[in-house]
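Input: a single structure, listed below in structure tokens.
The values are calculated or read from the model by the stated rules, or taken from the named source; none is laboratory data. All values derive from a computational prediction rather than experimental measurement. All Cβ positions, even for glycine, are placed from backbone atoms using ideal geometry, and neighbour counts span all protein chains on display.
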Amino acid sequence: MDNDAYGHVNNVVYYSWFDTAVNAHLIEHGVLDIHAGAVIGLVVETHCNYFSPLAFPQTVDAGIRVSRLGSSSVRYEIGLFAQGEPLTAASGHFIHVYVDRHSRRPVALPSNLKSVLEQLL
């Protein structure tokens, strides 16, 4: 996913970084098992604003927070920064609805997941 023809990382990659930042946080805190967990988060909405380009080989830092915590859904807000820069190169959000892995029906947030998410409010 190196630079595109315009000399910067293509806009679709930013969404991948959003997803990676959130999932990495949840995995590191032991509340997401992407292979065998009974509950998974499905993205139902996403948005990104771009302020300045990012390009390989820059190191990109991501900051995440939770702006809304529902009974089965979460709105994550993410800021992407060129390493060492105080202003975001891009910011956005996405909403996960947490569902049963097999039925794909919404379920209440498991208590351990909710506890980790509350720390990001």
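For the reader, a short list of remarks on this structure follows.
- The set of residues in region 17-42 being surrounded by 12 or more Cβ atoms within 10 Å (Cβ to Cβ) and either touching a Gly at 6+ places or on another chain (Cβ under 7 Å) or not aliphatic (A, V, I, L, M) (or both) consists of TRP17, PHE18, ASP19, THR20, ASN23, HIS25, HIS29, ASP33, GLY37, GLY41.
- In region 11-26, the count of residues that are of a type in the set (Val, Ile, Thr), part of a strand (DSSP E or B) and over 25 Å from PRO86 (Cβ atoms) is zero.
- Out of SER67, SER103, SER115, one residue alone is assigned to a loop (DSSP other than H, G, I, E, B), surrounded by fewer than 18 Cβ atoms within 10 Å (Cβ to Cβ) and modelled with pLDDT of 95 or more. It is SER103.
- ILE40, sole failed condition from (1) closer than 17 Å to TYR15 by Cα; (2) not in a loop (DSSP other than H, G, I, E, B): (1)
- Near pairs, Cβ below 8 angstrom, 6+ apart or cross-chain, from region 82-96 (surrounded by fewer than 14 Cβ atoms within 10 Å (Cβ to Cβ)) to any residue that is outside any loop (DSSP other than H, G, I, E, B): GLN83/VAL60; GLN83/ASP61; LEU87/PHE81
- Some residue of region 45-57 being acidic (Asp, Glu), surrounded by 15 or more Cβ atoms within 10 Å (Cβ to Cβ) and either touching a residue at least 12 places away in the same chain (Cβ under 8 Å) or closer than 30 Å to ASN112 by Cβ (or both): no
- Qualifying residue in region 42-64 (condition: over 14 Å from the mean Cα position of the chain (by Cα) and either within 16 Å of PRO110 (Cα to Cα) or among the acidic types (Asp, Glu) (or both)): no
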